[in-house]
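Have a look at the structure below before the remarks.
The values are calculated or read from the model by the stated rules, or taken from the named source; none is laboratory data. These numbers come from a predicted model, not from an experiment. Please note: Cβ atoms are built from the backbone with ideal geometry, for glycine as well, and neighbour counts cover all protein chains shown.
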Amino acid sequence: MWLKGGQVGRKPVLWPGSQIHYLTVLQAPRYEEYEISYLTENRFNYLGDGFDVREYDGRDLMWYYENMPLLKETGYPVLAPSKIPAAGGKYRTLPGAPGHTQNIIEIDNPKIIVEQFRKSVALAKDAGFDGVELLSQGGYLLHNFLGSRSNKRTDNYGGSTENRCRFILEVIDVIIEIWGPGRTGIKICPPDDLQDSAISYDELSETYGYLVPQLVARELGFINLCRRGCLLGDPDDEVSPPNSRPQGCELPPGYDPLQQFGPMIKYPGSKTKLMVNHGYTPEEANRLVQEGKIDLVTFGRPFISNPDLVTRIKNGVPLAINDRGGDLYYGPYKTVDEGYNDWPCAV
Ligand SMILES: Cc1cc2nc3c(=O)[nH]c(=O)nc-3n(C[C@H](O)[C@H](O)[C@H](O)COP(=O)(O)O)c2cc1C
């Protein structure tokens, strides 16, 4: 059970029942099936167990971690390195839902947030998790520090590549202090374009060419390298179709972050395992493992239409393909069970 930062929609995510136990995780820390998403939705920040009032910048702010429309309705702020709304709104562009990234507060002192991470991951340890995966992609807070389009800071956390990577590395370092490097991982997505997060190829190369070796030097347990935003994978991707990158952020033909950054992570003597993600099939993943190019793969969406995904892969049973469209994954939904509980197992 790993604490995994990131978004939670209106539903349990990777572990059935997660949402139910989510609220009680800190009081009842021994649940087997839950997820705490502890920080950083896109340009806002969520912490702890449900509603929470926390002091930020001399003010008491209410935080809610889960339901982004609620944040939108209540007008609670979106924290960001710089006050720059994501074009097209937040999270997903849904009809009639313009997003809520207007209500942005630029973080004055990132060290306050670093300390919040320290507290959250210490709580996760008390709660019995096995490790922490830091989410640094998808246009969430950490990712926003990395990119020069979302980070216009003029202090030590903006400007140069080293400065833009500083926040992530400070967060990683406090996680390592609590957990040790072997139980700390990070998810990065150099070509990401979700939520208006794309950067130019030159910047991508320079930023991750600096960041990745810094992470490997810390002997992290794993780096989860996501390939969203490039033309690989499923061209009919229902959630984030490839090749939607803005002008100036084009990638070289056939660009694959695994080719560019894989060898910086997976090499003889490296203590950091290389995990890959986004649109992989079991066949492609097996081939890459056999070729010695990756150590691990993560599957996300196939788990929803295949509740028995692992068994199917083990037994060579064909996977059910989602024929219900992108709303299956992140809503909006009509009922709370829809999608998650109504796909059959293969007999
Ligand atoms: C409902 C849902 C919730 C997700 N929540 C998270 C999350 O909290 N953190 C995260 O890093 N990724 C999250 N993801 C993304 C997946 O981890 C994965 O990166 C993505 O689905 C791409 O992999 P796939 O092509 O195998 O689905 C979520 C995916 C889905 C479908």
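Of note:
- Within segment 317-343, being modelled with pLDDT of 80 or more and farther than 20 Å from residue 281 by Cα holds for 339, 341, 342.
- First in segment 287-300 and closer than 15 Å to residue 225 by Cβ, second anywhere and in a strand (DSSP E or B) and away from the ligand (no atom under 14 Å from the Cβ), Cβ under 7 Å, 6 or more apart: 294/274; 295/273; 295/274; 296/273
- Residues located in segment 148-175, provided they are out of contact with any helix residue (DSSP H, G or I) (no Cβ under 9 Å at 6 or more places or on another chain) and closer than 28 Å to residue 273 by Cβ: none
- Residue 194 over 20 Å from residue 285 (Cβ atoms), touching a Leu at 6+ places or on another chain (Cβ under 8 Å) and either modelled with pLDDT under 95 or away from the ligand (no atom under 16 Å from the Cβ) (or both): no
- All positions within segment 265-280 that are hydrophobic (A, V, I, L, M, F, W, C) and touching a Ser or Thr at 6+ places or on another chain (Cβ under 9 Å): 265, 275, 276
- Out of 296, 319, sole residue that is under 20 Å from the mean Cα position of the chain (by Cα) and hydrophobic (A, V, I, L, M, F, W, C): 296
- Considering residues of segment 264-308 that are within 16 Å of the ligand (Cβ to nearest atom) and hydroxyl-bearing (Ser, Thr, Tyr) only, the residue nearest to residue 210 (Cα to Cα): 298
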